[in-house]
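A quick write-up on the structure given underneath.
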Amino acid sequence: MLDLIKLRNRHGYQSIRDIPNAKLSGMHRGFPVIDESKCMDDCQKCSDICPASAISLKPLSIDIGKCTFCGECERVCGYGSVKFINEYKSGSTDREKLIITSNKSFEEFRKDAIIKRKEIHKLFGRSLKFRQVSAAGCNGCEMELAACSNVNFDMGRFGIDFVASPRHADGVVITGPVSKNMAPALMDAFNSVNEPKIVIAAGACAISGGIFAESDELNRKFFDEIKIDLYIPGCPPHPLNFINSVLDFIRKK
Amino acid sequence: MNWTETKNLKSVSLEDIPQLHMNELRTQIIDGIKNGRRLVQFFGDKKDGRLILYAVLADDLTSRLFIASSKFGNEKEYQSITPEIPAAHLFEREFYEQFGIEPKGHPWLKPVRKGIAGISSEEIPYNFFNMTGEEMHEVGVGPIHAGVIEPGHFRFSCHGEKVYYLEIEHGFQHRGIEDLFVKNYNKSLYLTKLSESVAGDTVIGHAGAFVRAMESLGNTAISRRAQLIRTIMLELERIAVHLGDLSALSGDVAYLTGNSVFGALRTKIINTTMAICGNRFGRGIMTIGGINYDISSKLESEIKSILNRLSDDADLAAEVLFSSASVLERFEQTGVIEKETALEIGMVGPAARSSGISLDIRSDHPFDAYQYFTVHKLTLESGDVFARAYMRFIEIQHSIRIILEQLANLQDGELKCPANSLQPDGMVVSLAEGWRGEIAHVIITNSSGNIKRVKIKDPSFHNWFALALAVREEGVSDFPLCNKSFNLSYCGTDL
Ligand code: SF4
Ligand code: SF4
């Protein structure tokens, strides 16, 4: 009993108090800041090396819906044209806005990355339950989504939770590039959630196929048929990115 | 037995690997295993249009590996090894699925990754084992599970609460990883990133096995400093997952203090990993020829103080967890795997060590910095959930000690040495002790020195069957607990 009290005492209070303003280690590779003016003519080292084919040239841009945040482009560029900063909030309601171009600052990106809708706030602003569907990724995204509910991040305090049954859910969070073998189950789960419902694609794999995009074993028809309401980049997305992106989407301001 | 003798990470020339008649290969595999060797790999590859089956056996006591092969002509079948060596069952099924050669007499010739879920009319539907009898019933779970975890299908045949039989259907996470390796053979950076995503909870384990295999085939040197830092990263990965699993095991028996405390400790470790390389799971640090991120002396002292404090915290938390009667009541004598069974089915990793098998690749087939010091192999005997949980705790403390010692040994050295081109017509077997157990990557090159085959084995490949056996005769409600005590990888198995 004494040990138990001692343990509780040592454990202390572990939750991050202010989730929207929490900062990450300077090492974290979050938002890419691009300055094309530093590029040398015809250099294409970054796009050659990118494992996710996320970089386009002329004009230089990085698609953070494909990016695995490996940092290799920053390392290989000798001119400082690409720099990943530790700002992690990269969710967007619009797939196109995930393509980051030269001189786009993080603040500018954030200004209209997430378009709020009145009815979303009205329906889900105070309680939002998700059915998570894991479909052929590497389990990295799943571990970070699970971490959202642990003592450190405690997403439940905002009324947001993952639930077991799609019947109890208000939406689906998809991770992984969706294998042929998981495509039917994903569609079943989606169809089992009652209207109105929202769909979130979390992680590079779900958003674009990620590192597995070229595989013959995928079936991404779901994304042709169903509109995604919120994209949350990362490989995997940090729990703070997930929680804050969802909060920005469902909250009034 | 004239098999090619080699060792972990020592590449061999393909032409030196003996080709035996399949009957002979089969007999020699069976003899080898009956004499204490272990089946590490068993897979096919096409060379000049002909199919070749490779088998790799390990002699763990003498740190040797043995490789032999057999060439197939028009034969469409061979005599199955599984009836004599159950540990071969999944390897043979995989070989059949990938190349269509039937192991005759295989007692359980079911799909591994394809032909599941009835997704295509050309595929034969998965045929579940069926128990009949009055009051027999089935419980089906998945592919989508209750929690935020990977997909897979479990089917329990029960009588009342009691499980008689569990069948596990895999393949839902199949995303064609081995093919992606070969298709992108000329993009070594992509391949390194891909190896990080074989199993996202074993980033360092799998990426490490891959880059070392590439270094061996390219005869690429790496500095002592890089080896030490890789070793530290691998041990951090082990500590993090073990803490996470102790948290989850506590949660499964509704022991909330353990759930919170171990969970928070895990966060401290993965945040340390992030402080080193910018990613909580160690993504980005591994590269062919060394590492991408260094540990500065400031970071070094931070890591030391975090680990020292964590060691005390974990001691206290374990003391409380493992002395709670209600926890022990659930953990002890639940999901027992006897040593004999464990040996027979070829179990690996901490789960095997919890059943009394003394096998640890860090000590038996050392790699990276494990070549320079001794890793003591720790075993427990009871083979139950308790042993698998307690093993996690012992290994956490052991890994903390390893890291603290190795931090003191850090000496100056290149972070990354230039990578050379690969040896043509070569093969390398790269073994590593991930937190789940033995990881085995095999890479084969063609005559131009390009990658032509990558075979990956996650330890889960061996251990899933152990889970199926562990729940027999237990209540359905003990399944989550048994499952978590192994915490096996779906994506690592499905590839
Ligand atoms: S950080 Fe992103 S854009 Fe840069 S190389 Fe890696 S995957 Fe490509
Ligand atoms: S996005 Fe990255 S972390 Fe997430 S499942 Fe895909 S490979 Fe894994």
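All conditions but one from (1) part of a loop (DSSP other than H, G, I, E, B); (2) open to solvent by 40 Å² or more (accessible area, probe 1.4 Å) apply to B:VAL112; the one that does not is (2).
The lone criterion from (1) part of a strand (DSSP E or B); (2) within 13 Å of chain B (Cβ to nearest Cβ) left unmet by A:VAL33 is number (2). Can you find, within the stretch A:183-209, the residue that is farthest from the other protein chains (Cβ to nearest Cβ) among those that are touching a Lys or Arg at 6+ places or on another chain (Cβ under 7 Å) and assigned to a helix (DSSP H, G or I)? For the stretch A:183-209, the residue satisfying everything is A:SER208. If the condition is being farther than 27 Å from B:LYS46 by Cβ and without any contact (Cβ under 8 Å) to a residue 60 or more places away in the chain, then the stretch B:166-181 contributes only B:GLU169.
Under the condition of being aliphatic (A, V, I, L, M) and open to solvent by 60 Å² or more (accessible area, probe 1.4 Å), the residues counted in the stretch B:328-383 number 1. Checked against the criterion of being of a type outside the set (S, T, N, Q), within 14 Å of another protein chain (Cβ to nearest Cβ) and in a strand (DSSP E or B), the candidates B:ILE456, B:ILE439 yield just one match: B:ILE456. When restricted to residues that are out of contact with any His (no Cβ under 8 Å at 6 or more places or on another chain) and in a helix (DSSP H, G or I), the stretch B:318-346 contains 17. Assess whether B:ARG472 counts as being touching a residue at least 24 places away in the same chain (Cβ under 8 Å), open to solvent by 10 Å² or more (accessible area, probe 1.4 Å) and not assigned by TED's automatic domain parsing to the domain that holds B:GLY218. Yes: the conditions hold for B:ARG472. Inside the stretch A:215-236, residues that are within 11 Å of chain B (Cβ to nearest Cβ) and either within 14 Å of ligand 1 (Cβ to nearest atom) or outside any loop (DSSP other than H, G, I, E, B) (or both) make up a count of 4.
When the stretch A:10-34 is filtered for residues that are in contact with a strand residue (DSSP E or B) (Cβ under 8 Å, 6 or more places away or on another chain) and open to solvent by 40 Å² or more (accessible area, probe 1.4 Å), only A:VAL33 remains. The set of residues from the stretch A:40-59 being buried (at least 22 other Cβ atoms within 10 Å of the Cβ) and either within 16 Å of ligand 2 (Cβ to nearest atom) or part of a loop (DSSP other than H, G, I, E, B) (or both) comprises A:CYS50, A:PRO51, A:ALA52, A:ALA54.
Being more than 16 Å from ligand 1 (Cβ to nearest atom), in a helix (DSSP H, G or I) and of a type in the set (Gly, Ala, Ser) is the filter here, so list the residues in the stretch A:138-153 that pass it.
Within the stretch A:138-153, A:ALA146, A:ALA147 qualify.
Within the stretch B:200-255, the set of residues being acidic (Asp, Glu), open to solvent by less than 10 Å² (accessible area, probe 1.4 Å) and away from chain A (no Cβ under 14 Å) comprises B:GLU235 only. The set of residues in the stretch A:64-90 being under 17 Å from A:ALA54 (Cα atoms) and within 16 Å of ligand 2 (Cβ to nearest atom) consists of A:ILE64, A:GLY65, A:LYS66, A:CYS67, A:THR68, A:PHE69, A:CYS70, A:GLY71, A:GLU72, A:PHE84, A:SER90.
A quick yes/no check of all residues on (1) more than 9 Å from every other protein chain (Cβ to nearest Cβ); (2) more than 23 Å from A:ALA113 (Cα to Cα); (3) among the small types (Gly, Ala, Ser):
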{"residue": "A:MET40", "(1), (2), (3)": "yes, yes, no"}
{"residue": "A:CYS46", "(1), (2), (3)": "yes, yes, no"}
{"residue": "A:ILE49", "(1), (2), (3)": "no, yes, no"}
{"residue": "A:ILE55", "(1), (2), (3)": "yes, no, no"}
{"residue": "A:PRO59", "(1), (2), (3)": "yes, no, no"}
{"residue": "A:ASP63", "(1), (2), (3)": "yes, no, no"}
{"residue": "A:THR68", "(1), (2), (3)": "no, no, no"}
{"residue": "A:ARG75", "(1), (2), (3)": "no, yes, no"}
{"residue": "A:TYR88", "(1), (2), (3)": "yes, no, no"}
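Look at the stretch B:274-306 and say how many of its residues are surrounded by 23 or more Cβ atoms within 10 Å (Cβ to Cβ) and in a helix (DSSP H, G or I). So the answer is 2.
The values are calculated or read from the model by the stated rules, or taken from the named source; none is laboratory data. Just so it is clear, the model here is predicted, and its values are computed rather than measured. FYI the Cβ positions are ideal-geometry reconstructions off the backbone, even for glycines, and counts take in every protein chain you see. Please note that ligands, DNA and RNA were not included when accessible areas were found on the heavy atoms of the full protein model with its side chains. Shrake-Rupley method; radii C 1.70, N 1.55, O 1.52, S 1.80 Å.
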